[in-house]
Structures are given as structure tokens and as C-alpha cells.
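S.K.: I am attaching a structure below and will ask some questions about it afterwards.
The values are calculated or read from the model by the stated rules, or taken from the named source; none is laboratory data. These numbers were taken from a predicted model, which means no experiment stands behind them. Counting neighbours? That spans all protein chains shown, and the Cβs are built from the backbone with ideal geometry, glycine included. Side chains are part of the model used for accessible areas, which takes the heavy atoms of the whole protein and leaves out ligands, DNA and RNA. Shrake-Rupley method; radii C 1.70, N 1.55, O 1.52, S 1.80 Å.
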Amino acid sequence: MHRITVLSGGVGGATFLTGLLHGVRRGLVPGVDPDAVVTVVANTADDIWLHGLKVCPDLDTVMYTLGDGIDHERGWGRRDETWNAKDELAAYGVEPTWFGLGDRDLATHLVRTQMLDAGYPLSQVTEALCRRWLRPVHGDGVRLLPMSDDRVETHVAIADPDSPSGRRVVHFQEYWVRLHAEVPAEAVVVVGLEESSPGPGVIDAITDADLVVVPPSNPVVSVGTILGVPRVREAVVATKAPVVGVSPIVGGTHVRGMAHQLLTSIGVEVAASAVALHYGARNGDPDGGVLDGWLVDTVDEAETGRVRSAGIACEAVPLLMTSPEATAEMAAAAVRLVS
């Protein structure tokens, strides 16, 4: 295998990618060329405009993580960050105050917005930013592609007794950052998704791959939105490459993030096997499922039979990404499962 494509969200996907690359480059992933090219198709439906700037949280988390600039303690943003601009904006009373842009991070958003204003699409902007972050570390061995150049934004409907409808809709970032996902999500609305087009290179990255991986990213607002871009799901169904996924649910809940809340909002049981059934088994039907294989954690071993009964190969292995070495072994298990 020389071409691996990963459909990634932010922190979970980036952490998995770190371990995957650790394993691949050291020859620890069976059947994969140590010089394999890893293409990351990243979710952009979490993007938000703040203070006139285009912020792409998942793209930046992957870019900073693989470029060795991430704050590992937080899991997002720049290492050794300062917050002077955030404090000054708050002193002026400028909203929103719940989303802070660090001073180092701010430079990325300024460059991105200037290039977008000059007419460059997000895919070309991302490529330019990655020349600083990915090329010095990985050369041509890693590519980062936005799922779409079009504006797509995820919103979450929550209860609001003061609204005539009894609910209101907030941007996903407000739901996550300001509300800490502590308010029940009644629905997820992805604005612009059905009208969007795959970003340049996205379809080819899937159809020409030797392996497609669905990491433990949020199945609703990360992987779900990528698959929701027209023609992307069809490409995953049609590719000749095996498609293997890793459960984001361990022991009946998420390890990090808000998969628990958002799976509930779409009526999916919060269980490792239920997420596999939500993705579905790949059978060549364009409207069908996308998985050939699925890894669950050892604590969920009892659920493997349910997944296998649905036509998806399944094994139970340790899924906690405690180190690059542990995550590399997880990636190796995923490849063995579908090889």
C-alpha cells in the first residue's frame, strides 16, 4: 500500500494520524510502504468567521499537530501561545468573548483570510499554509485537503423556551466552546452541505487510494459531514481500496468530544457497534454503507458479533491513543483486519 487516505476531524483524527505516520515511517504497519503518501481529507463544516477572519479549526488542528506546533495539553491551538489580542478585544467589549484566538494562531487566520479575499480557494490557501507546517516535517509524504472549497457550516438546534418555536439554532462552535455541549442537542443542521462540491483532489484521493481509513473522529459532525459532501460517499463506496474505521466510542461513551450528545440527536445508540451500523457495510450500493472493517476497544469485545452480523469485519483491540506507539499498533491492527 502506497496511498492512504484518512477522513479526519480535529483532535481525534489528528492524534490518530500522528500514530499512523509513526507506524508507517518505521515499517510497523504491515503491507504499507514506509514511504507511503498519506492524504488527509479534513472536515471544514466546523469553520467559523470571527472578527472578520476565517477560522478552520479542524484543518488547523491537523496542520499544527502534524507540523509539530500543536499545544499537546489542550489538543488544539499553538504551543507557547499568548492571548493579548483576545484580552484587548474583551476590553473593548467586542463579541464573541467565548471564542479566543491566540496571538500565534491569529497569524494563520490573517493569512488565510487575506488569501481568500484575494480570490484564492480554501484548498490553495491550505496548500500554501502547509508549505510552512507539513513540508519541512513530512516532505511530500503528507497532503491536507479541505473536504470542500465551498462554505459549509454546522449548526445545532437546542431548546429555547423564549423562542416561538421552542428552540433556537447556534453555530457548532458556540455549542462546543460556549455551551460545552452540556445542553441537549435536538438536531444538527449542516448549512450548505447539499450544495457543496468536493474540494480539488478529494475524489481522486479516495478512488485512487490503496487504503481508506475512518479514524475515531465524530461520526456526526466530522466524518458525517465529509461523507455528506455530494459524491464523496459514492467515491468511498466505489473505491477498490479497503475501508476500515476505528470506533470513537469506548465503553459506551466518547473518549473526548461530544459524540455521545450528537449521536443521540440523530437517534443512534451510543455504542461502538451502533456507530459501525450507522456507517454501514460496503456492498457497492451508492446509497449503502462505507465500511469493510471496524475496530472496537477490548472493553467492547462483546459487540463484535453484532458488527460482523452486519457484514463488517470486526476485531477488539486497545483503542486509547496514549502514545504514538500505541496508536501505531492500532493502525496496524486496522490494516491487518482488512488485508
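S.K.: Taking region 211-254 as the search range and keeping residues that are hydroxyl-bearing (Ser, Thr, Tyr) and not in a loop (DSSP other than H, G, I, E, B), which one is modelled with the highest pLDDT? Reasoning before the result, please.
M.R.: Going through region 211-254, the residues hydroxyl-bearing (Ser, Thr, Tyr) turn out to be 217, 222, 225, 239, 247, 253.
After this cut, where a residue has to be not in a loop (DSSP other than H, G, I, E, B) as well, the list is 225, 253.
Details: 225: 97, 253: 81.
In this case the residue turns out to be 225.
S.K.: Can you name every residue in region 131-147 that is of a type in the set (A, V, I, L, M, F, W, C) and open to solvent by less than 50 Å² (accessible area, probe 1.4 Å)?
M.R.: Restricting attention to region 131-147, the residues satisfying the condition of being of a type in the set (A, V, I, L, M, F, W, C) are 133-134, 137, 142, 144-145, 147.
Selection gives 133, 134, 142, 144, 145, 147.
S.K.: Among residues belonging to region 148-179 that are of a type in the set (Gly, Ala, Ser) and under 23 Å from the mean Cα position of the chain (by Cα), point out the one that is surrounded by the most Cβ atoms within 10 Å (Cβ to Cβ). I'd like the intermediate steps shown before the answer.
M.R.: Filtering region 148-179 down to residues of a type in the set (Gly, Ala, Ser) leaves 148, 157, 159, 163, 165-166.
Filter again for under 23 Å from the mean Cα position of the chain (by Cα), leaving 148, 157.
Working: 148: 29, 157: 18.
Selected residue: 148.
S.K.: Name the residues in region 271-315 that are in a helix (DSSP H, G or I), open to solvent by less than 70 Å² (accessible area, probe 1.4 Å) and more than 15 Å from residue 249 (Cβ to Cβ), would you?
M.R.: Answer for region 271-315, where residues must be in a helix (DSSP H, G or I), open to solvent by less than 70 Å² (accessible area, probe 1.4 Å) and more than 15 Å from residue 249 (Cβ to Cβ): just 305.
S.K.: Do you know which of the residues in region 79-97 that are of a type in the set (D, E, K, R) and assigned to a helix (DSSP H, G or I) is nearest to the chain's Cα centre (by Cα)?
M.R.: So the first thing to find is which residues in region 79-97 are of a type in the set (D, E, K, R), and the list is 79-81, 86-88, 95.
With assigned to a helix (DSSP H, G or I) added as a condition, the list becomes 86-88.
Working: 86: 26, 87: 30, 88: 32 Å.
This residue is 86.
S.K.: Let me ask something else about it. Would you confirm whether or not region 14-23 contains a residue that is assigned to a loop (DSSP other than H, G, I, E, B) and either among the polar types (S, T, N, Q) or at pLDDT below 95 (or both)? Write out each step before concluding.
M.R.: Looking only at region 14-23, we keep the residues that are assigned to a loop (DSSP other than H, G, I, E, B), and these are none.
Among the residues of region 14-23, not one is assigned to a loop (DSSP other than H, G, I, E, B) and either among the polar types (S, T, N, Q) or at pLDDT below 95 (or both), which makes the answer no.
S.K.: Among the numbered criteria (1) within 20 Å of the chain's Cα centre (by Cα); (2) assigned to a loop (DSSP other than H, G, I, E, B); (3) not hydrophobic (A, V, I, L, M, F, W, C), which one does residue 100 miss?
M.R.: Residue 100 satisfies every listed condition except (1).
S.K.: A further question follows. If you take the residues of region 296-339 that are in contact (Cβ under 8 Å) with a residue 12 or more places away in the chain and basic (Lys, Arg), which of them is nearest to residue 18 (Cα to Cα)?
M.R.: Per the stated criteria, the residue is 336.
S.K.: A further question follows. Yes or no: residue 113 touching a residue at least 40 places away in the same chain (Cβ under 8 Å) and either closer than 19 Å to residue 77 by Cβ or surrounded by fewer than 21 Cβ atoms within 10 Å (Cβ to Cβ) (or both)?
M.R.: Values: touching a residue at least 40 places away in the same chain (Cβ under 8 Å): yes; either closer than 19 Å to residue 77 by Cβ or surrounded by fewer than 21 Cβ atoms within 10 Å (Cβ to Cβ) (or both): yes.
In short, yes.
S.K.: Based on what the data block shows, is residue 5 surrounded by 14 or more Cβ atoms within 10 Å (Cβ to Cβ), in contact with a helix residue (DSSP H, G or I) (Cβ under 6 Å, 6 or more places away or on another chain), closer than 18 Å to residue 330 by Cα and among the β-branched types (Val, Ile, Thr)?
M.R.: On the way: surrounded by 14 or more Cβ atoms within 10 Å (Cβ to Cβ): yes; in contact with a helix residue (DSSP H, G or I) (Cβ under 6 Å, 6 or more places away or on another chain): yes; closer than 18 Å to residue 330 by Cα: yes; among the β-branched types (Val, Ile, Thr): yes.
Criteria met by residue 5.
S.K.: List the residue pairs whose Cβ atoms are under 7 Å apart, where the first residue sits in region 217-228 and is over 15 Å from residue 185 (Cβ atoms) and of a type outside the set (Asp, Glu), the second is open to solvent by 10 Å² or more (accessible area, probe 1.4 Å) and outside any helix (DSSP H, G or I), and the two are 6 or more positions apart or on different chains.
M.R.: Here the result reads 217/248; 228/190; 228/193, each pair linking region 217-228 to a residue that is open to solvent by 10 Å² or more (accessible area, probe 1.4 Å) and outside any helix (DSSP H, G or I).
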